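Student: Handing you a structure now.
The values are calculated or read from the model by the stated rules, or taken from the named source; none is laboratory data. Values in this document were obtained by computation on a predicted structure and should not be read as measured data. Note that each Cβ is placed from the backbone with ideal geometry, even for glycine, and that neighbours are counted across all protein chains shown.
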Ligand code: CUA
């Protein structure tokens, strides 16, 4: 009796969890709401394999139930031993051939998709077409750098891409292994430190509008205490808007007029500029780029990738980065700042905008 009660409790717990977790599907963060060519392909493969598995389970269950009922022991025949049979060519061929056919049905589109999704020839051409967009992604403990090599522009944390075209990525890491993942737009790819991985994604304009233009990106490889906080955002905009953004980024330079922000700039130039650049055009080699580029910090979606983007949270981050992102590389790199200095810094950083 007790055992029964226990299993019922477990069962209801699982049902509640299933219901709760089903609510986690957000259009900007769900592989089940694909938003582009890659995600569509991967989603249809998921559907196909699930359909095949469900079919097999149904057929096997029906045969199983039939056999259990049809050949059960009947009253009065307790001692009857049925006719003993061994080997049946027809059956054996059937249960060998059917799985082979099912596997072929699954394998052909899977292999085809694998080759399609790995087609990065356009990005590796000797002379790249003008409208082939390449982004170098560099993963770091716990932030992302996005470099547009053909435009000489660098940004961090917020990736900006044009919609309805293939965007090609060079993905690597500069410290430990990470993994670059935009769930709604396509499968993840490893960010390694000893090689460069290449792939492409396509961001659908209609789906981008549904998601208010922002897709969520995650690090998908356990990399340290703040792995779960190593988020980034993707702003997917029409090509024209993207071109305008690139132009603004190319020419962006901090223009500080506010007197408090000016004080902030002075503090920044003393304590922060060794690691952080404030112009999107940063010609230094990547080893020198040890912290996020802040060229368009004021336009960002989040503070430190996770907090809502406002001055209050920026001050919290500047005051005690460790409380926001444990294990981050900024903690302890600058001296204690007074509240006044933090206010000035926050004003200055929020003024770094291109939009
Ligand atoms: Cu980077 Cu997990």
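Student: For the stretch 147-167, what are the residues that are part of a loop (DSSP other than H, G, I, E, B) and crowded, with 22+ Cβ neighbours inside 10 Å?
Tutor: Our first condition is that a residue be part of a loop (DSSP other than H, G, I, E, B); within the stretch 147-167, this holds for 149-152, 157, 163-165.
Listed by number, the residues that qualify are 157, 163.
Student: If a residue must be surrounded by 14 or more Cβ atoms within 10 Å (Cβ to Cβ) and either outside the structural domain of residue 310 (by TED's automatic domain parsing) or in a helix (DSSP H, G or I) (or both), how many such residues does the stretch 326-355 contain? Break it down stepwise before answering.
Tutor: Of the residues in the stretch 326-355, the ones surrounded by 14 or more Cβ atoms within 10 Å (Cβ to Cβ) are 327-331, 333-334, 337, 341-354.
Next cut, either outside the structural domain of residue 310 (by TED's automatic domain parsing) or in a helix (DSSP H, G or I) (or both) only: 341-350.
Residues that pass the stated criteria total 10.
Student: In this structure, does residue 172 turn out to be within 16 Å of the ligand (Cβ to nearest atom), over 22 Å from residue 30 (Cβ atoms) and outside any loop (DSSP other than H, G, I, E, B)?
Tutor: On the way: within 16 Å of the ligand (Cβ to nearest atom): yes; over 22 Å from residue 30 (Cβ atoms): yes; outside any loop (DSSP other than H, G, I, E, B): yes.
Answer is yes for this residue.
Student: Could you tell me whether the stretch 126-134 includes any residue that is outside any loop (DSSP other than H, G, I, E, B) and under 24 Å from the mean Cα position of the chain (by Cα)? It would help to see each step written out before you state the result.
Tutor: Taking the stretch 126-134 and keeping what is outside any loop (DSSP other than H, G, I, E, B), we get 133-134.
Next cut, under 24 Å from the mean Cα position of the chain (by Cα) only: 133-134.
Among the residues of the stretch 126-134, at least one is outside any loop (DSSP other than H, G, I, E, B) and under 24 Å from the mean Cα position of the chain (by Cα), which makes the answer yes.
Student: Another question about this same structure. What about residue 246, is it at pLDDT 95 or above, out of contact with any helix residue (DSSP H, G or I) (no Cβ under 7 Å at 6 or more places or on another chain) and away from the ligand (no atom under 16 Å from the Cβ)?
Tutor: Details: at pLDDT 95 or above: yes; out of contact with any helix residue (DSSP H, G or I) (no Cβ under 7 Å at 6 or more places or on another chain): yes; away from the ligand (no atom under 16 Å from the Cβ): yes.
Yes.
Student: If you check 107, 113, which single one turns out to be surrounded by fewer than 22 Cβ atoms within 10 Å (Cβ to Cβ), part of a helix (DSSP H, G or I) and under 21 Å from the mean Cα position of the chain (by Cα)?
Tutor: Numbers: 107 fails: under 21 Å from the mean Cα position of the chain (by Cα).
After ruling out the rest, the residue left standing is 113.
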